[in-house]
Amino acid sequence: MFAKIIGELCIGFLTTLEIFALTLVFALPLGLVVCFAATRKFAPVRYLTRGVIWIVRGTPLMLQLLIVCYGPGLMGLPPVREPMIAVIVAFSLNYACYFAEIYRGGIAAVSAGQWEAGKALGLSRGRIFMRIVFPQVIKRILPPMSNEVITLVKDTSLANTIAVAEIIRCARNLTGTYAVDIMIPLLYAGAFYLVFVGLLTVVFNRLEKKLRG
């Protein structure tokens, strides 16, 4: 029975990894776009973007997930028929707003003299950012970014609220399949999270040491 439970949890964990990976693929670049929009000199864009960030950061991710999944149907629009799509959209928007604030803090920490030095060399603003500013930003944002990434691992469990078969939902379903106490598969699922978070922690610690060196 143990092998069967672990096998079922492995299948659910693959879905968890899919949510985790796709969220990062979309949220990391989107966060940079949101960061630039929130710091634009054009006031309407800046205030609108900051308002969106305030709403997203001020409301629970579960509520945002439910709105993305069921909101269009309630407003008479075509409903989201694939729960996985709703999960990726909600998670990506949510984490993009958090990443945007991390990016903004990292960029603000780079002295204005770096920009001036780049202009003196005849570099465009885009090249200054990519060649001079962004490498320094990465060093500054890695610790808070690693915390958000680890939080994302645990937040993937919210996907089970709209019937996405990630590892927690698989663990709950195993209770009826194998007539075992619900805590047993849940504890096994917790072990998956612990191992994955442990691996990520090691990776981020090595990256921080490498960047400091």
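Within the stretch 102-133, being out of contact with any Gly (no Cβ under 9 Å at 6 or more places or on another chain) and of a type in the set (A, V, I, L, M, F, W, C) holds for I107, A108, A109, V110, A112, W115, A117, A120, L121, L123, M130. Residues that are touching a Gly at 6+ places or on another chain (Cβ under 8 Å) and of a type in the set (F, W, Y) were ranked within the stretch 85-101; the one that is nearest to A159 (Cα to Cα) is Y95. Scanning the stretch 41-80 for residues that are farther than 28 Å from N160 by Cβ, more than 24 Å from the chain's Cα centre (by Cα) and assigned to a helix (DSSP H, G or I) yields A43, P44.
Taken together, V89, V52 contain a single residue that is free of Cβ contacts under 8 Å to residues at least 60 places away in the same chain, of a type in the set (V, I, T), within 22 Å of G12 (Cα to Cα) and surrounded by 14 or more Cβ atoms within 10 Å (Cβ to Cβ), which is V89. Taking only pairs six or more apart or across chains, which ones have beta-carbon atoms under 6 Å, a first residue in the stretch 32-44 that is without any contact (Cβ under 8 Å) to a residue 12 or more places away in the chain, and a second residue that is part of a helix (DSSP H, G or I)? Close Cβ pairs (under 6 Å, with a partner that is part of a helix (DSSP H, G or I)) amount to R40/R46. Just wondering, is there one or more residues in the stretch 129-147 that are touching a residue at least 60 places away in the same chain (Cβ under 8 Å), in contact with a Lys or Arg (Cβ under 8 Å, 6 or more places away or on another chain), crowded, with 18+ Cβ neighbours inside 10 Å and not hydroxyl-bearing (S, T, Y)? Looking for residues that are touching a residue at least 60 places away in the same chain (Cβ under 8 Å), in contact with a Lys or Arg (Cβ under 8 Å, 6 or more places away or on another chain), crowded, with 18+ Cβ neighbours inside 10 Å and not hydroxyl-bearing (S, T, Y), one finds none in the stretch 129-147, hence no.
Within the stretch 24-40, being under 10 Å from the mean Cα position of the chain (by Cα) and either more than 17 Å from G105 (Cβ to Cβ) or surrounded by fewer than 18 Cβ atoms within 10 Å (Cβ to Cβ) (or both) holds for L24, V25, F26, L28.
Among the residues that make up the stretch 104-123, is at least one of them within 21 Å of the chain's Cα centre (by Cα) and within 17 Å of V25 (Cα to Cα)? Checked against the condition, which is being within 21 Å of the chain's Cα centre (by Cα) and within 17 Å of V25 (Cα to Cα), the stretch 104-123 yields no hits at all.
Is it the case that the stretch 153-171 has a residue that's more than 22 Å from V89 (Cα to Cα) and of a type in the set (D, E, K, R)? Looking through the stretch 153-171, none of the residues is more than 22 Å from V89 (Cα to Cα) and of a type in the set (D, E, K, R).
Restricted to the stretch 64-84, and to residues there that are out of contact with any helix residue (DSSP H, G or I) (no Cβ under 6 Å at 6 or more places or on another chain) and surrounded by 14 or more Cβ atoms within 10 Å (Cβ to Cβ), the residue that is farthest from L152 (Cα to Cα) is P72. For the stretch 161-176, the count of residues that are modelled with pLDDT under 95, surrounded by fewer than 15 Cβ atoms within 10 Å (Cβ to Cβ) and under 24 Å from the mean Cα position of the chain (by Cα) is nonzero.
Only one of the listed residues (V149, V164, V153, V110) is closer than 21 Å to V87 by Cβ, in contact with a helix residue (DSSP H, G or I) (Cβ under 8 Å, 6 or more places away or on another chain) and part of a loop (DSSP other than H, G, I, E, B). That residue is V164.
The values are calculated or read from the model by the stated rules, or taken from the named source; none is laboratory data. Predicted model, so just to flag it, every value in this text is computed and none were measured. Ideal geometry is used to build each Cβ from the backbone, glycine not excepted, and the neighbour counts take in all protein chains shown.
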